[in-house]
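Working notes, beginning with the structure itself.
Rule-based calculations on the coordinates, nothing more; no lab input. Computed from a prediction, not measured in an experiment: that's the story for all the values here. Positions of Cβ are backbone-derived with ideal geometry, glycine not excepted, and every protein chain shown enters the neighbour counts.
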């Protein structure tokens, strides 16, 4: 399939997001990399500024950000209308963790070169760093059109932005194209598995997760996606075999990436309580100093309730509540109310409501989400 054919769904789908018509790929005030036709004094300034940029980038690569900043500032002083020094300054600020400064500089650089793909990408990346990914749709749409067709990183950035705005089909196309032109196989397939899950395309989730796992066999995150995909395709035996194959790595890992919880919850929803309980009890044994373990505790509570063990269920509902009270308390109150269970206004009342739920056995399902 031709490149234009592959990108057509992405470009068409992005049009409603505000894609400017007739956008020039290099709409910029000045380009010191191409001085043909410029006045001699400007060429002289550009040559000096380009030398500063070379020095700045060498210092940046060496993580000598003070020198990198000084050289980039010198280049900007020489040629204020050139976007490159401003974009490089944004990179430097981002590297030092100065998120807001990086955003402001990226926006300044983009204003100097509105259709330049490198300026667009830096603006998108810094907006995402600042938690403003939901603002990235139109700029990502433009980047999808003007990016060099073989720049895998840019299409990876487009895909991330599409995820931010829940444009799942567009994210899928962008990740697939990024992989074709050389994006990191592990990273892109991992993200592609996430997107395919949002599209309920479980064979595609499986394929992407397997590709990610093949690219990096020691990583556990793709195992979570693969197990999820297998259960959703009614291949529980394969999901259990996957867990057993990876169990030693999962149980010894500092971060198990939620693999036991993900597989167990799917098994629980499918009614395979024996195996769901086996996995989660082993997980609980390994929690010597749990942090952010509320999801696992909640899963174990549900499984215990469904197996007719309300005391154990209440114990783990309580542990989930203690681990993340600001999140789990309102969540539990809302879900108990949906089941018609009244919980008192204080903690004791909430625990009483959870105990009531636990005694209902399999009917104590606070949510069906996978």
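Below, the figures for the structure above:
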read-out: Tensor-based shape of region 227-306 (alpha-carbon gyration tensor, a/c under 1.5 rounded, otherwise prolate or oblate); value: oblate
read-out: Point-to-point label distance, residue 99-residue 153, nm (Cα→Cβ direction, 7 Å offset); value: 2.1 nm
read-out: Over the chain, relative contact order from alpha-carbon pairs under 8 Å, at least 6 apart, %; value: 9 percent
read-out: Rounded FRET efficiency, nearest 0.05, which uses the C-beta distance separating residue 269 from residue 61 and R0 of 56 Å; value: 0.70
read-out: Sequence ranges 336-343, 303-310, ranked by mean other-Cβ count within 10 angstrom, highest first; value: 303-310, 336-343
read-out: Equivalent ellipsoid semi-axes - Cα gyration tensor, region 28-113, angstrom; value: 22, 15, 8
read-out: Region 103-213: equivalent-ellipsoid semi-axes (sqrt of 5 x gyration tensor eigenvalues, Cα, Å); value: 26, 14, 11
read-out: Net length gained if the chain between residue 111 and residue 146 were fully extended (0.36 nm per residue, minus Cα distance); value: 11.0 nm
read-out: Extent along principal axes [Cα atoms of the chain; Å; largest to smallest]; value: 85, 48, 40
read-out: Length added when fully stretched, residue 215-residue 368, from 0.36 nm per residue minus Cα-Cα; value: 51.8 nm
read-out: Highest-MSF residue in the chain out of 133, 353, 344 [GNM, Cα springs under 10 Å]; value: 344
read-out: P(r) weight above 20 Å for region 203-344, C-alpha pairs, percent; value: 49 percent
read-out: For region 28-113: relative contact order, % (alpha-carbon pairs under 8 angstrom, 6 or more apart); value: 28 percent
read-out: Computed [θ] at 222 nm, helices only, for the chain once each DSSP H run of length n ≥ 4 contributes -39500 (n - 2.57); value: -22500 deg cm²/dmol
read-out: 0 to 90° range, to nearest 10: angle between helix 202-215 axis and the chain longest Cα axis; value: 70 degrees
read-out: Part-to-part distance (alpha-carbon centres) for region 319-370 and region 179-203, which is given in Å; value: 35 Å
read-out: Selected from 166, 113, 123 as most flexible by GNM, with the chain as the system and alpha-carbon contacts under 10 Å; value: 166
read-out: Degrees separating the helix 325-338 axis from the principal Cα axis of the chain, which is the longest one; value: 60 degrees
read-out: Candidates 347, 315, 76: whichever shows maximal mean-square fluctuation once the chain is modelled as a Gaussian network with Cα springs under 10 Å; value: 347
read-out: Cα long-axis angle, helix 40-61 against the chain (0 to 90 degrees, to the nearest 10); value: 30 degrees
read-out: Contour minus Cα-Cα distance for residue 43 and residue 322 (0.36 nm per residue); value: 93.9 nm
read-out: Relative contact order [Cα under 8 Å, 6+ residues apart], region 287-370, whole percent; value: 34 percent
